[in-house]
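Got a structure here, written out as structure tokens. Questions coming.
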Amino acid sequence: MVPCFNEEAVLPSSAQTLDAILTQLMTEQQVTADSKILFVDDGSHDKTWDLIRQLQTTSDHFTGLQFSRNFGQEAALMAGLQTAAPYSDLTITIDADLQDNPFLIPNMVQQAADGFDVVYGVRNDRSSDTWFKRTTAERFYWLMNKLGVHLIPNHADFRLLSHRALSALLEYHENDPFLRGIVPQLGFASTKLYYKRRPRLAGQSKYSLKKMLKLALDGIFSFSIAPIRAVLWAGAAICVGAIAMFIWIVSQHLRGAVVTGWSSIMTSLWFLGGCQLIAISIIGEYVGRTFTQTKRRPRFIIQTDTYSHAFAAATTP
Ligand code: UDP
Ligand code: MG
């Protein structure tokens with residue numbers, strides 16, 4: 001399944017490549033004849049949905065979900081997986097721009113046949129990414145590791161899930177799911193396949209800085225309470241510093257020296273004010289997430305679903 005947001009530039013050629021791979025897998029009977037390619041249109045403003053509808057007239061391999069608006073890639077992935085779950089033995093997720101090597105898919109299917117429930121696609125060469133993307137990704141994986149969150153470095157959302165791994169994944173009812181953090185938590189037998197990340201086929205990255213930041217924050221705050229601990233340690237360190245400064249001031253007084261200090265008062269005032277705001281906002285981040293989770297709002301809204309219709313039509317006598 002393929003999340004798509006304003007992907008009109010790449011969709012026709014991606015669809016063609018994916019269809020050729022699926023057809024070959026069907027011919028070799030590695031997958032069942034009713035297997036589908038499911039495009040999830042994440043509220044695109046361009047011709048993405050029209051193209052998906054058009055593709056459906058050319059082959060019954062193509063199906064689609066259309067969101068009522070843009071909900072984000074993770075929501076699109078969850079929607080696709082949730083919709084596919086009742087009908088599929090295994091699911092593969094891949095980006096629409098085919099930066100992740102689709103020719104690894106037959107190998108993934110083979111690994112599943114060999115008994116692996118989760119097959120991770122892992123980039124061992126990101127030279128096609130920009131310096132900014134590479135460096136921020138590297139720092140992010142480093143930070144998550146420090147926070148004690150188990151992520152597969154350089155694995156994004158190109159992965160295969162068996163039916164039981166998918167069922168386990170759907171038990172996670174998180175409002176802002178961070179799949180690359182959740183999937184390694186599932187357990188089951190897993191393996192990795194490595195590939196060189198290619199440049200985008202066409203179009204621009206759909207990840208604005210704001211979306212990248214949201215994903216990173218979802219990863220950090222959904223998986224770790226280490227930031228709250230960090231606040232505790234920072235508070236303790238500031239207290240130790242304050243005690244040391246108090247001892248120094250008293251000793252200065254005892255020696256008859258006058259401690260002057262508009263600058264030091266102002267500096268510590270602003271510094272401590274800043275520390276307190278940071279601490280409150282870190283705690284607020286967790287409180288806010290609890291607040292949104294308790295409202296149990298839908299993670300996405302599906303406007304059109306031709307995938308389920310295709311299966312319903314096939315089973316109707
Ligand atoms: N995507 C999405 N919703 C969004 C942003 C992105 O469904 O709000 C899809 C996008 O169409 C693509 C995948 O997520 O299939 C990865 O996006 P992109 O290739 O732009 O990310 P990058 O490779 O630059 O990290
Ligand atoms: Mg991409």
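The values are calculated or read from the model by the stated rules, or taken from the named source; none is laboratory data. Keep in mind the model is a prediction, meaning the values are calculated, not measured. All Cβ positions, glycine included, derive from the backbone under ideal geometry; neighbour counts span all protein chains shown.
Of the residues that sit in the range 110-126 and are in contact with a strand residue (DSSP E or B) (Cβ under 7 Å, 6 or more places away or on another chain) and more than 16 Å from ligand 2 (Cβ to nearest atom), which one is modelled with the lowest pLDDT?
124
Right, another one. Looking only at the range 154-174, which residues are farther than 15 Å from residue 112 by Cα and within 16 Å of ligand 2 (Cβ to nearest atom)?
The answer is 154, 155, 156, 157.
Quick one: residue 225 ticks every box in (1) out of contact with any strand residue (DSSP E or B) (no Cβ under 9 Å at 6 or more places or on another chain); (2) of a type in the set (A, V, I, L, M); (3) crowded, with 17+ Cβ neighbours inside 10 Å except a single one, so which number is it?
Here residue 225 clears every test but (3).
Yes/no matrix, rows are residues, columns are (1) out of contact with any Leu (no Cβ under 9 Å at 6 or more places or on another chain); (2) more than 15 Å from ligand 2 (Cβ to nearest atom):
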position: 2; (1), (2): no, no
position: 11; (1), (2): no, no
position: 23; (1), (2): yes, yes
position: 38; (1), (2): no, yes
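State yes or no: is residue 149 away from ligand 1 (no atom under 16 Å from the Cβ), modelled with pLDDT of 90 or more and among the β-branched types (Val, Ile, Thr)?
Judged against the criteria, residue 149 is not a match.
Output yes when any residue across the range 262-285 is under 30 Å from residue 40 (Cα atoms) and in contact (Cβ under 8 Å) with a residue 12 or more places away in the chain, and no when none is.
yes
Moving on. Cβ-Cβ under 7 Å, sequence separation 6+ or interchain: first residue in the range 202-227 and of a type in the set (Ser, Thr, Tyr), partner away from ligand 1 (no atom under 16 Å from the Cβ). Which pairs?
Matching pairs, first to second residue: 222/174; 222/181; 224/147; 224/148; 224/149.
Counting only residues that are surrounded by 15 or more Cβ atoms within 10 Å (Cβ to Cβ) and aliphatic (A, V, I, L, M), give me the strands (runs of 3 or more DSSP E) lying completely in the range 1-112 with at least 3 of them.
37-41
Pull out all pairs, ordered by first then second residue, where Cβ-Cβ is under 6 Å, the residues are six or more apart or on different chains, the first lies in the range 122-134 and is within 24 Å of residue 92 (Cα to Cα), and the second is assigned to a loop (DSSP other than H, G, I, E, B).
From residues that are within 24 Å of residue 92 (Cα to Cα), the pairs are 122/154; 123/154; 123/197; 126/197; 128/197; 128/198; 128/199.
Can you tell me which residue within the range 132-182, out of those that are β-branched (Val, Ile, Thr) and out of contact with any strand residue (DSSP E or B) (no Cβ under 6 Å at 6 or more places or on another chain), is nearest to residue 110 (Cα to Cα)?
It comes out as 182.
For the range 199-215, state whether one or more residues are touching a strand residue (DSSP E or B) at 6+ places or on another chain (Cβ under 6 Å), at positive phi and surrounded by 15 or more Cβ atoms within 10 Å (Cβ to Cβ).
no
Take residue 220 and tell me if it is closer than 30 Å to residue 119 by Cα and in contact with a helix residue (DSSP H, G or I) (Cβ under 9 Å, 6 or more places away or on another chain).
It is true that residue 220 is closer than 30 Å to residue 119 by Cα and in contact with a helix residue (DSSP H, G or I) (Cβ under 9 Å, 6 or more places away or on another chain).
Further question on the same structure: Do we have any residue at all in the range 187-198 that's closer than 15 Å to residue 82 by Cα, more than 12 Å from ligand 1 (Cβ to nearest atom) and either under 18 Å from the mean Cα position of the chain (by Cα) or surrounded by 14 or more Cβ atoms within 10 Å (Cβ to Cβ) (or both)?
The answer is no, given that none of the residues of the range 187-198 is closer than 15 Å to residue 82 by Cα, more than 12 Å from ligand 1 (Cβ to nearest atom) and either under 18 Å from the mean Cα position of the chain (by Cα) or surrounded by 14 or more Cβ atoms within 10 Å (Cβ to Cβ) (or both).
In the range 95-109, what residues are within 11 Å of ligand 2 (Cβ to nearest atom) and of a type in the set (A, V, I, L, M, F, W, C)?
Result: 96, 98.
Mind listing whichever residues of the range 175-207 are closer than 30 Å to residue 9 by Cα, away from ligand 2 (no atom under 16 Å from the Cβ) and part of a loop (DSSP other than H, G, I, E, B)?
176, 177, 178
Let me ask you something else. Against the condition more than 10 Å from ligand 1 (Cβ to nearest atom) and within 22 Å of residue 192 (Cβ to Cβ), how does residue 74 come out, does it pass?
Here the answer is no, as residue 74 does not meet what is asked.
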